[in-house]
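The values are calculated or read from the model by the stated rules, or taken from the named source; none is laboratory data. Quick caveat, the model's predicted, so the values are computed rather than measured. Heads up, the Cβs are rebuilt from the backbone with ideal geometry, glycines too, and the neighbour counts pull from every protein chain shown. The protein model used for the area step is the full one, side chains on, heavy atoms only, and it has no ligands, DNA or RNA in it. Shrake-Rupley method; radii C 1.70, N 1.55, O 1.52, S 1.80 Å.
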Amino acid sequence: MFREANDPVFYFEKKSKEYYSIFQKYCQGATSAAIFGEIICQKLKEPIQKSVYKDTARDLTNEIQTNCESLNGNRSKLEKHILKTLAELEDFGKYITYFNTPRDHLKSFIRDEVSQYITDKFEKSVRPKMKENIKLLQQKIMEAVHSATTLVNTTNGDVQKWLNHFTRQLSDVLIFSVKDFSGVSHEGVDDFNLLEDVISEELDSVSSEIQHKFSTKTFPENLEQKDRPDEILIDHLCQCCWVQCPFCAATCTNTVENHTGDHSVPFHRVSGVNGRCYDETECLSADFCTTLVRTSQMFYTGQWFLCREYRKAGNVYAEWSITPDFSELPYWKWFVCSFREDLEKHFDKKIHMWDVISHEWSQYSKEQALESLDEYI
Ligand SMILES: [Zn+2]
Ligand SMILES: [Zn+2]
């Protein structure tokens, strides 16, 4: 990008193509108006492409927010789809990234979903949007051309007046101004009707060239970071609370970054997946937070506290609302049984004290685990 913007050789190569086609017109004996029309369209090419890509990205973002199953709801729904995808991939490493750096995992999940959506719907939905946007823009440009021509024809104006009016009309739609024509000679341009005809014709070929280049590869590449659908959605969906449960590390699903109430999640995990273990043992905890806070088990944070009085531990403990209930999500039981060896290796701990429960837990199939997630919303 730096080279494209600053390297004179690169700039010269780019410009030489534009000027070659103008030179060809000279050789064919075209009039000044025809050549000036060609120059205008060459100069419009880049701003048109930028504007059309940006508009298409905006329209697409709106569509994704409505139609994409994983991204069209709230944080809890997104969380459910993240867990589903993790289970489908059965990649323990990805689970660990998700536990340790939920925000990074969420970002890469959104990027993958958006990229998949674009690939799946490119011909059916993305390209038609792009065509529609380029058609609308072409209409606006031709309206500006026509209005400038009418003005100059009725007031006996010159080409500078035409250009000033034309560029001013487009100032809201394109990054394009009279300054782009500094150094361009427009001597002898006096046939404005011909200029209008030439622009109309050239604009068609500029549009087809842009449409021809439009692909799943060029689309994201030619968008500025801030205009990319995935970045807009990341911005939108990451503005939420990121505080993790002190027991199981589940991320609070409140959608406001500085919400006033307690942190909460619809479903807690088994606290062993966060590396929690029973005192004086090498055994990972087999308790769900919701179960823990019903018991008189104790936990240690510099001093001992009763689990059912967890808020007394202060700090983040005091800010969490963990409801003592029986909501043990089968998904996590399936996870623990499926990744038992990985968990033991990762935390260098054992899960042998879980034999009592493992019989019930190991009965869950992946399908049942995934079905249990539907309780999330
Ligand atoms: Zn928890
Ligand atoms: Zn929160």
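Hey, residue 344 hits all of (1) in contact with a Phe, Trp or Tyr (Cβ under 9 Å, 6 or more places away or on another chain); (2) open to solvent by less than 50 Å² (accessible area, probe 1.4 Å); (3) away from ligand 2 (no atom under 16 Å from the Cβ) but one; which does it fall short on?
Result: residue 344 fails condition (1) only.
Taking residue 351 and the conditions (1) away from ligand 1 (no atom under 16 Å from the Cβ); (2) out of contact with any helix residue (DSSP H, G or I) (no Cβ under 6 Å at 6 or more places or on another chain); (3) β-branched (Val, Ile, Thr), which numbered condition does it fall short on, given that it satisfies the others?
Checking residue 351 against (1) away from ligand 1 (no atom under 16 Å from the Cβ); (2) out of contact with any helix residue (DSSP H, G or I) (no Cβ under 6 Å at 6 or more places or on another chain); (3) β-branched (Val, Ile, Thr), the one that fails is (2).
Go through the range 333-345 and give me each residue that's more than 15 Å from residue 271 (Cβ to Cβ) and assigned to a helix (DSSP H, G or I).
Here is the first cut: in the range 333-345, the ones more than 15 Å from residue 271 (Cβ to Cβ) are 334, 337-342, 344-345.
If the condition is that a residue be more than 15 Å from residue 271 (Cβ to Cβ) and assigned to a helix (DSSP H, G or I), then 334, 337, 338, 340, 341, 342, 344, 345 are the ones that fit.
Could you identify the single residue in 299, 288, 305 that is within 28 Å of residue 90 (Cα to Cα) and not β-branched (Val, Ile, Thr)?
Numbers: 299 fails: within 28 Å of residue 90 (Cα to Cα); 305 fails: within 28 Å of residue 90 (Cα to Cα).
Criteria check complete, one pass: 288.
This table checks each residue for (1) over 24 Å from the mean Cα position of the chain (by Cα); (2) free of Cβ contacts under 8 Å to residues at least 12 places away in the same chain.
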position	(1), (2)
9	yes, yes
21	yes, no
49	no, no
52	no, no
65	no, no
84	no, no
94	no, yes
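Residues checked against (1) within 16 Å of ligand 2 (Cβ to nearest atom); (2) more than 30 Å from residue 274 (Cα to Cα); (3) in contact with a Leu (Cβ under 8 Å, 6 or more places away or on another chain):
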residue	(1), (2), (3)
218	no, yes, no
225	no, yes, no
229	no, yes, yes
237	yes, no, yes
258	yes, no, no
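Out of all the residues in the range 170-184, which are open to solvent by less than 90 Å² (accessible area, probe 1.4 Å) and touching a Lys or Arg at 6+ places or on another chain (Cβ under 9 Å)?
170, 173, 174, 176, 177, 178, 180, 181, 184
Being in contact (Cβ under 8 Å) with a residue 60 or more places away in the chain, assigned to a loop (DSSP other than H, G, I, E, B) and either farther than 15 Å from residue 140 by Cβ or among the aromatic types (Phe, Trp, Tyr) (or both) is the filter here; which residues of the range 169-204 pass it?
176, 184, 186, 187, 188, 189, 190, 191
Could you check the range 260-278 and list, in sequence order, the residues that are touching a strand residue (DSSP E or B) at 6+ places or on another chain (Cβ under 7 Å), away from ligand 2 (no atom under 16 Å from the Cβ) and more than 19 Å from residue 98 (Cβ to Cβ)?
Matches in the range 260-278: 277 only.
Identify, please: which residue in the range 260-290 is open to solvent by 40 Å² or more (accessible area, probe 1.4 Å) and without any contact (Cβ under 8 Å) to a residue 24 or more places away in the chain and is, among those, farthest from ligand 1 (Cβ to nearest atom)?
By that ranking, first place goes to 280.
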